[in-house]
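One structure is given below, encoded as structure tokens.
The values are calculated or read from the model by the stated rules, or taken from the named source; none is laboratory data. As the structure is a computational prediction, the values presented were derived from the model and not from experiment. Here the Cβ positions follow ideal geometry from the backbone for every residue, glycine too, while neighbour counts run over all protein chains shown. When the accessible area is computed, the model is the full protein with side chains, heavy atoms only, and any ligands, DNA or RNA have been set aside. Shrake-Rupley method; radii C 1.70, N 1.55, O 1.52, S 1.80 Å.
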Amino acid sequence: MILVTGGAGFIGANFTLDWLAATGEPVVNLDKLTYSGNLGNLAPIRGDARHAFVRGDIGDRAVVAELLARHRPRAVLNFAAETHVDRSIHGPDAFVRTNVLGTFELLEAVRAHWTALPGGERDAFRFLHVSTDEVYGTLGPDDPPFSETTAFAPNSPYSASKASSDHFVRAYRHTYGLPTVTTNCSNNYGPRQFPEKLVPLMIANALAGKPLPVYGDGQQVRDWLYVSDHCAAIRAVLERGRPGETYNVGGNAEMKNLDVVHELCAVLARERPGRDYASLVTFVKDRPGHDRRYAIDARKIERELGWRPTETFATGLAKTVRWYLDNGAWLSAIQTREYQSWISLQYETTA
Ligand code: NAD
Ligand code: DAU
């Protein structure tokens with residue numbers, strides 16, 4: 001079996017659902033259930049004996065040690081993190097606590113467990129760390145995309161905390177020999193993404209007839225990857241990735257934010273006609289330190305592991321919009337008072 005952390009969040013939950021469907025191998029899922037963790041994301045496997053959910057913190061070494069001793073997983077996959085750049089600007093503390101100190105505590109628990117394993121199990125064990133392309137900083141319009149050898153240059157408290165966690169993972173490989181693999185992935189979108197991120201926020205606002213807040217001039221570029229393609233990449237890295245290596249994962253789908261929002265409006269106009277969604281686009285104050293462009297060179301994972309994305313942005317976006325339209329109850333359950341106060345804090349100060 002495998003141990004997944006952060007498996008009630010967007011990518012971790014999609015990974016857990018896809019993993020069970022693809023492999024059937026049991027999963028223990030450790031998640032603190034912060035504001036972005038949601039057991040509703042795991043509803044399709046409620047009562048499934050192959051999945052055990054444990055509420056807890058990756059920074060609690062004793063809890064992790066106990067889970068490792070009890071379940072003896074063949075791998076630990078670390079998805080758990082604070083993940084929203086804008087929240088990291090308002091309050092970096094939680095980012096340092098979970099992404100830096102939490103990853104450190106997790107690594108320590110895993111190192112102690114792995115060191116005591118018998119030879120065969122020890123050799124087969126893997127620690128897979130899920131990270132982001134944001135550790136590489138920002139690109140100019142004509143710069144080549146980020147490769148695995150691009151120097152780290154994180155610009156936000158979020159990306160600095162992720163870069164720090166990546167460095168600890170690297171050091172545990174180099175110093176202790178822990179069999180680690182790291183993935184650095186571009187922007188994901190798809191079902192179950194918390195509606196603070198660009199795509200689901202715009203869908204939620206458009207359906208409610210609210211403004212679609214585009215930061216600055218909307219010309220910033222991101223590379224978009226449908227979440228199930230990311231999950232397939234992680235499975236490939238877990239099974240065939242070389243210990244000590246990092247793999248960049250991307251969708252070959254660079255898009256300007258404003259174009260993303262307009263494409264979203266066009267899909268909504270087809271799926272839920274009756275409103276001029278594009279007229280809701282509103283330019284608001286830019287994000288401080290906003291990275292201008294991310295782009296991923298994913299040739300290494302394609303060459304070594306045979307992974308490439310299966311969805312285009314158009315096919316992935318159509319599936320995503322359909323999911324949000326079919327899951328209105330999921331969305332309204334998330335739109336709590338805490339969510340509304342985040343929206344007020346973020347958008348009343350950027351208006
Ligand atoms: P998310 O915010 O939707 O989910 C994060 C999950 O981690 C939540 O379930 C939360 O409860 C849990 N968590 C937070 N702190 C924890 C702690 N201390 N202990 C245990 N659980 C904790 O985030 P996501 O978008 O699913 O991102 C998952 C991972 O993928 C993160 O490491 C993120 O940096 C990385 N990533 C995300 C993207 C993206 O576009 N969303 C792209 C590349 C990499
Ligand atoms: O690149 C991978 C990263 O992608 C992940 O590591 C992060 O966890 C994830 O949150 C995401 O970071 P971004 O900052 O790129 O994603 P976000 O959805 O917050 O914003 C995408 C772009 O859209 C970014 O340029 C900011 C802009 N934006 C975002 C919001 C929420 C807007 O213009 N308006 C908005 O309201």
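Quick rundown of the values:
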read-out	value
Number of positions in the range 29-52 that are in a loop (DSSP other than H, G, I, E, B), more than 15 Å from ligand 1 (Cβ to nearest atom) and either touching a strand residue (DSSP E or B) at 6+ places or on another chain (Cβ under 9 Å) or under 27 Å from His84 (Cα atoms) (or both)	1
Residues satisfying the stated conditions in the range 89-140, i.e. within 14 Å of ligand 1 (Cβ to nearest atom) and among the polar types (S, T, N, Q)	Thr98, Asn99, Thr103, Ser131, Thr132
Of the criteria (1) within 15 Å of ligand 2 (Cβ to nearest atom); (2) more than 16 Å from the chain's Cα centre (by Cα); (3) open to solvent by less than 60 Å² (accessible area, probe 1.4 Å); (4) under 21 Å from Ser36 (Cα atoms), which one His90 fails	(3)
Among the candidates Pro118, Pro195, residue that is open to solvent by less than 10 Å² (accessible area, probe 1.4 Å) and of a type outside the set (Phe, Trp, Tyr)	Pro195
The range 53-77, residues that are without any contact (Cβ under 8 Å) to a residue 60 or more places away in the chain and either among the hydrophobic types (A, V, I, L, M, F, W, C) or part of a helix (DSSP H, G or I) (or both)	Phe53, Val54, Ile58, Arg61, Ala62, Val63, Val64, Ala65, Glu66, Ala69, Arg70
Exclusive hit being open to solvent by 10 Å² or more (accessible area, probe 1.4 Å) and at pLDDT 95 or above, set Gly40, Gly12	Gly40
Residue ID - nearest to Ala253 (Cα to Cα), chosen from residues in the range 121-166 that are surrounded by 15 or more Cβ atoms within 10 Å (Cβ to Cβ), over 20 Å from the mean Cα position of the chain (by Cα) and within 16 Å of ligand 2 (Cβ to nearest atom)	Leu139
